């Protein structure tokens, strides 16, 4: 395989087992797949929210420094929960 400079480049085969093991370890360190899903949802909300790209990037970085609480499918998100002040008294 020729590199950009015309010299032969060394091709290193990917070790997919090592890559998947490292990905699995990183997911477990963050709290498992449910927390990974919650992190992804937080990032989606940040990306869709107001602000400049720079503000969103900063907020996303801050959000990823700490894992999201575990999400459960039967628990509605804050956007789906009824406002307690709107209940009839």
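Coordinate-derived values only; no laboratory data. Owing to the predicted nature of the structure, the values given are computational and were not obtained by experimental measurement. Every residue, glycine among them, receives a Cβ derived from its backbone with ideal geometry; neighbour counts consider all protein chains shown.
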Packing-based order for 54-60, 21-27, using average beta carbon neighbours within 10 Å, highest first: 54-60, 21-27
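R0 = 22 Å: FRET efficiency of residue 34 with residue 58, Cβ-based, nearest 0.05? Mind showing how you got there, number by number?
Numbers: r = 26 Å, r/R0 = 1.17.
It comes to 0.30.
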Provide the packing ranking of 38-45, 12-19, i.e. peptides ordered by the mean count of other C-beta atoms within 10 Å per residue, highest first. 38-45, 12-19
